[in-house]
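Student: Pasting a structure here, questions to come.
Taken together, the values in this text are just the output of simple stated rules run on the coordinates, not laboratory data. Values in this document were obtained by computation on a predicted structure and should not be read as measured data. Positions of Cβ are backbone-derived with ideal geometry, glycine not excepted, and every protein chain shown enters the neighbour counts.
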Amino acid sequence: MAENLITNLSELLKQQPPDKTEFELTAGNSGFKLFSVYLESTDPDEYQYADDASTILFVSQGNATVTSEDRIMPLRAGNIVF
């Protein structure tokens, strides 16, 4: 099931126009506010994410490096960080 979800999210990201690098998925029910999913497709630049909320990072293709305090985590396609 999780593999299908990841495949579907990756396909959504591929269908976005080239000038759009991210989009947000939220629940159709406005009373369901547990989380939103942001999908992002970027060039290899540096981005800073706030660490004041739970975050899940998924690398759908290519490589990424996550730095948190003194930890450096190299990631590659298929890796998920909670």
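Student: Return the distance in nm (one decimal) between the two label points of a simple spin-label model at I72 and T7, each offset 7 Å from Cα along Cα→Cβ.
Tutor: Taking the two extended label points, one gets 3.6 nm.
Student: According to a simple spin-label model (label point 7 Å from Cα along Cα-to-Cβ), what is the distance in nm between I80 and L57?
Tutor: 1.6 nm
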